[in-house]
1. Which distance in nm do the two modelled labels at B:ALA42 and B:LEU113 give, with both placed 7 Å along the Cα-to-Cβ direction?
2. Which of the aspartates and glutamates could a cross-linker bridge to B:LYS13, judged by Cα under 18 Å and excluding same-chain residues fewer than eight apart?
3. Test of understanding: what is the full-extension gain from A:ILE138 to A:LEU17, defined as 0.36 nm times their sequence separation minus their Cα-Cα distance?
4. Give the residue list of trypsin sites (Lys or Arg not before Pro) in region A:19-102 that are DSSP loop and have at most 14 other beta-carbon atoms within 10 angstrom.
5. Among A:LYS12, A:LYS239, what is the fewest-to-most ranking by other Cβ atoms within 10 Å?
6. For region B:120-132, what does the Karplus curve 6.51 cos²θ - 1.76 cosθ + 1.60, with θ = phi - 60°, yield as ³J(HN,Hα) per residue in whole Hz, taken in order and with x for Gly and Pro?
7. If I model a spin label as a point 7 Å beyond the Cα along the Cα-Cβ vector, how far apart are those points for B:ASP188 and B:ARG51 in nm?
8. What ranking of B:THR120, A:THR128 emerges when the number of other C-beta atoms within 10 Å of each C-beta is taken as an exposure proxy, fewest first?
Amino acid sequence: MVTSKRTRGESKLWPLLLGVTAVLVAVGVYLAVLWAPTAVNLPTEAEQMAQRIFYFHVAAGWVGYVAFGVTAGAGILYLLKRQRRWDHVAVSSAEIGVLFTAANLVSGAVWARPTWGTWWSWDDPRLTLAAIVLLVYIAYLMLRNAIDEPERRARLASIYGIVGFLSVPLSFISVRIWRTIHPAVIGTGSETSQGGFDMSGDMVVVLLYAIFTFSLLYVVLLHYRLRLENLREQVDDLKTRALIEG
Amino acid sequence: MSYLRKVLAIVWKDVRAELRTKDILSSMLVFAGLSVLIFQFAFDLRADNVRLVLPGVLWIAITFAGVLGLNRSFILEQDRGSLEGLLLAPVDRSAIYFGKLIGNLLFIFAVELLLLPLMTVLFNVWLLSPALLLVVALGTVGYAAVGTLFAALSINTRAREVMLPILLFPVMVPVFVAGVQAVSRLLDGDSLADIVRWIQLLVAYDAIFLAAAMLLFDYVVEE
């Protein structure tokens, strides 16, 4: 039963898809940095250049939330069906989600520095939410690390993945109300108006392209991370068997 | 025995065990008092800034002291070997959850009932209005609902009590934001009607996570 899995993973499809994704990402860098029109209504050159981060920034944020949704969904499926592969999907997706959410936060900070004049602003609900969500899923990964027994790890992590994902909309509502009724102490007006720009048609094209490419990247990464998880499990199985057989 | 009586039997068991040693209550209470003292030095709470900082201090004291109590509720059972007995009891697993939850709520409420007058005296700010008590109670219910579930979850990890705050605090953000904001608006002289959005958020949080925890508790303790 273990060996059948080993031979199945050699399909030609995934290496091909990996190559295609790599090309698409390279083209995406060209499109975002050189091809996309400059945001004309931004005052300084630094802001105009920083605006180009936007394409990766939004796409990374998108992948982050999709990945966490997949983790919660896989958690529900694991609890219902008790098939180890759903837990593998959950952990793989959570790791990728943490990676992309971190990329989203870092790219946001790089953009915010020339645009808002600060790396970080607690006045922005989306920024605050991304930080909270990142902490939820870091906690998720720490929980997994702290449990040795695979079945128990899968079960408890599924529960945390579901509860954690349920808290995301409520956290968003809370930081949203918090900031809309909070008096504006620093600066005036809504934070979205600072560094906002009009999207031209070409910009929308690049944004959609970036979201598509990052989504594809997510699928490819998820596949290889899943493969790694399966191999890891096989190694564990073999070790256990070797121990039993002496 | 009806469902309610089973729940109450578990609550009564925890209350009696606690009344014999008073370990949990005393440590929660002393810890809450200590955190207020620490914040007094950290923020130099005086008449001019106390209304600004006090809501945060109140909720941090409640959350931090609460973690102590939540942790003990399952760790004590595990250490004494009574957890298996509890799980073998001929009751629905959700009755165990609600029993533990109500027990935890009673302990946290008891701490709050001493903490609020204490802070009222120390900082000369009236913290005992019915509206404020309602906000604190609603926040505490949501906190204990998730906290009881995660406490049962964290005793299954290697780190045990260290794990609970790490799991709990990021998920607790809505309660914390709503609790702090609502209390601070009340201290500014707003009425309940002015903070209705925060109340709604707290009620929604309580309802969603009580339901989720009730459904998921079965899976936590199924071994």
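The numbers here are math on the coordinates, done by the rules we state, and not lab data. Given the structure is predicted, the values throughout are model-derived calculations rather than measurements. Using ideal geometry, Cβ is built from the backbone for each residue, glycine included, and neighbour counts are taken over all protein chains shown.
1. 2.8 nm
2. B:ASP23, B:GLU77, B:ASP79, B:GLU84, B:ASP92
3. Working: separation 121, 0.36 × 121 = 43.56 nm, distance 2.90 nm.
Fully extending the segment from A:ILE138 to A:LEU17 adds 40.7 nm.
4. On the way: sites: A:ARG52, A:LYS81, A:ARG82, A:ARG84, A:ARG85; in loops: A:ARG52, A:ARG82.
Those satisfying the criteria are A:ARG82.
5. On the way: A:LYS12 7, A:LYS239 10.
Arranged by neighbour count, lowest to highest, A:LYS12, A:LYS239 become A:LYS12, A:LYS239.
6. Result, ordered by residue: 4, 5, 5, 10, 6, 10, 6, 9, 10, 5, x, 4, 5 Hz.
7. Label at B:ASP188, label at B:ARG51, 0.9 nm between them.
8. Details: B:THR120 13, A:THR128 22.
Fewest-to-most Cβ neighbours within 10 Å comes out as B:THR120, A:THR128.
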